[in-house]
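To start, the structure itself, in structure tokens.
Just so it is clear, none of the values below were taken in a lab; they were calculated from the coordinates. As the structure is a computational prediction, the values presented were derived from the model and not from experiment. Note that we place each Cβ from the backbone using ideal geometry, even for glycine, and neighbour counts take in every protein chain shown.
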Amino acid sequence: MSRILCVAEKPSIAKAVAGHLSGGTYQTHNTRETFIKNYVFDYDFGPPWGACSVTMTSVIGHLTGLDVGPELKNWSYPPPERLFDCPVMVNVPNDKKNIAKNIEEQARRASALFIWTDCDREGEHIGGEIRDAAKRGNHRIEVRRARFSNIERVHILNAARNLVNLDERQIEAVNARIELDLRIGYAFTRFLTLNLRNVGPELNDLMISYGSCQFPTLGFVVDRYFRVKNFVPETFWAIKVMYKREKIDVNFHWARHRLFDRHAAVVLYERCIASRHAKVTKTEEKPTKKWKPLPLTTVELQKMATKFLHLTGQEALAVAEKLYNNGFISYPRTETDRFDKAINLQALVQKQIPSEQWGQFAQGLVNGAFRAPRQGRNDDKAHPPIHPITFASPAVLGQNERKVYEFVVRRFLACCSEDAKGVATDVEIAYGDEVFTAHGVIVLERNYLDVYKYENWTGTAILPKFTVGERFEPTEALLVDGKTTPPGYLTEADLIALMDANGIGTDATMAEHIEKIQERQYARAVERGNRGGNEDAPAAPAARGGGRGRGGRGQAGRGGRGGTAGRGGGENRGSGIREFIPTALGVALIQGFDRMSFDMSLGKPFLRKEMELKMKAICEGRADKERVLRQSLLEYRQVYNQSSAELHILKNACRQYVLGHGEAAGGAG
DNA sequence: GCAAGGTC
């Protein structure tokens, strides 16, 4: 019987796959690494392998690291630009030696290696690392890969019978990313730290790092800071019409929303008053619904946790990992927002019936209210959406675990419910030369809203009956004025959404980058509403540089902000929602690079997006790794040279913001 | 001393 070595990306997958392939009977052997077990069993992989003796084990993420040699460990010599062309080498870090050794030893006794890493680019690369380790033990070992996107039994058995080859292109694409991130990160970090050190005592002992993810993350924070800072309130005028019928105040909204020209508004208003009567031109009553949420991804979990659970993204992820390790929820790092058909959702719903809080709701779903979840557009082909696995009694969970578990379960049950249903009424009237509308909703069935307490469907009222053609005299018609208000600083949910949209970091690392820019003292998190005076703002005597000067007209009507006067930060006082404000250093770095004559500033997200496109090109065979590397390093070296040549601009920005030495030469913007 | 990406 031939021996087969199987290696997964993490211990939990090794155990799950071993369970499925062996039918639940395997021997467990400890290794030198506490978390890693070798599972031994027999399995028939079908032709050409036939019945085999299998050892299933795992790594714990990446097995190797890339680093520069000892001759480049000294920061003072050679200069940082050597990092663009010095040798780099792959090594197995000390904490991974035992894992690699286990694979080497097992490979010696095996004729084939089957790789069971996640079905994504990084997983393919980890597969390559596993292969290299196995080949060190047995250079003739045959290497195949299993492709699976969930750990349902049938799916795993199917993967075991349909092995493929490792995709070298994906491995090369990741190799390119690793090498670029290392060289560029090291080079610019040393450049910044060494060159800004002598600008002022404040910067003497700081580590000023650059990274392809941390800098764009900071860039978002700084960009919003300037939008708030440079916001110029504008006065607007609006016509408000109210009509009382059947004891209901019906508020009609002006179709023009608001005007920034007082004279024009007054003229239009006077025509309304002069006409005295309004005429109903359209009424419409139609069924409407509020959609249930999509299946839960990591990014969404973090956004919701920062909004509703009073946790940071990183805390939420750490708690979710603990819940996962205890078997309560599925793998928490996923981009997938659609459930695979193979997964038995009703059985998972059933497991929640014992809950005192949502058990009844789960019972209702089991009794017939169950509906298939919506299908999102994202599938990482590696993990299902986050969902509960077993019921966890609140007694066995800590406080934060309880909150996150509750959210995961409620979200899941909401996904398996019916949309909320209601009737929407719209009434349109003509008054003077103007058009006004009223909108009302009656909620008929709350459905998922009964379990998903993080959402509601209110703020809309029941409208009395109106008939087309009828005329009435409004109870109230006023010309009101107001001022546009600035947007708020970035919340963590905003920041995560921006990173997600711009491809900065991955679901697993976004929270780390947010943490990093605070650790580096580039930005600070402050509870919304607790921003006292100017003490949190950077020392920025002349912050004219960054965003757009006027927010009023251009932003009108978009999003929930920049709206009517009086809706500023006050409403959220003590909300527990944290927002990010750059420090003087953070502003200086982004502004400094922005003021240099680059086509693309290091603080903008485009460079990372470009890297992403290049990786894709390598994966699809349209580009070659070596050429991509050569080309990218050439570009970054030019950015580096230019940064050296224009270093005074960066230094001036630091003097301006950090030391408060007035507006620097070179100007703002 | 420095990056970003896996995972515990």
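Multiplying the residue separation of A:Asn641 and A:Glu81 by 0.36 nm and removing their Cα-Cα distance gives an extension gain of 200.7 nm.
Between A:Ala347 and A:Leu206, the contour length at 0.36 nm per residue exceeds the Cα-Cα span by 45.4 nm. The amide H of A:Ala8, built 1.01 Å from its N in the peptide plane, has A:Thr57, A:Ser58, A:Val59, A:Trp116 as neighbours under 5 Å, considering only residues 5 or more places off or on other chains.
Projected label points at A:Asn198 and A:Asp426, each 7 Å from Cα along the beta carbon direction, are separated by 6.8 nanometres.
For a Förster distance of 35 Å, can you work out the FRET efficiency between the beta-carbons of A:Glu142 and A:Phe598, rounded to the nearest 0.05?
Numbers: r = 49 Å, r/R0 = 1.41.
Calculated transfer efficiency: 0.10.
Cross-link reach is defined here as a Cα-Cα straight distance under 28 Å, omitting same-chain residues fewer than 8 places apart; for A:Lys247 the lysines meeting it are A:Lys279, A:Lys282, A:Lys286, A:Lys289, A:Lys290, A:Lys421, A:Lys465. Computed from Cα atoms, the angle from the helix A:584-595 axis to the main principal axis of chain A rounds to 90 degrees.
Think of it as helices only: each DSSP H run of n ≥ 4 in chain A is worth -39500 (n - 2.57), and spread over all residues that comes to -11500 deg cm²/dmol at 222 nm.
Sites listed here are GluC sites (Glu not before Pro) in the stretch A:312-363 whose DSSP assignment is loop and whose Cβ has at most 10 other Cβ atoms within 10 Å: A:Glu356. Let me make sure I get this right: for chain A, a, b and c are the square roots of the gyration tensor eigenvalues over alpha carbons, sorted descending. Under 1.5 in a/c it's rounded, otherwise prolate if a/b > b/c, else oblate. Which is it? Taking the square roots of the gyration eigenvalues as a ≥ b ≥ c, chain A is oblate. Quick one: net charge around A:Lys135, please, counting Lys, Arg +1 and Asp, Glu -1 for every other residue with C-beta under 15 Å from its C-beta. With Lys, Arg at +1 and Asp, Glu at -1, the neighbours total +2. Modelled spin labels at A:Arg153 and A:Asn74, positioned 7 Å past Cα toward Cβ, are 6.4 nm from each other. In this calculation the C-beta distance from A:Val280 to A:Arg161 is compared with R0 = 60 Å, giving a FRET efficiency of 0.30.
Ignoring lysines fewer than eight residues from A:Lys609 along the same chain, the ones with Cα atoms less than 23 angstrom from its Cα are A:Lys303, A:Lys381, A:Lys516, A:Lys625.
Scanning chain A for trypsin sites (Lys or Arg not before Pro) in DSSP loops with at most 11 neighbouring Cβ atoms within 10 Å leaves A:141-246 as the longest stretch between them.
Taking 19 Å as the limit for the C-alpha separation, the pairs A:Lys307/A:Lys403; A:Lys307/A:Lys351; A:Lys341/A:Lys403; A:Lys37/A:Lys97 exceed it in the case of A:Lys307/A:Lys351; A:Lys341/A:Lys403.
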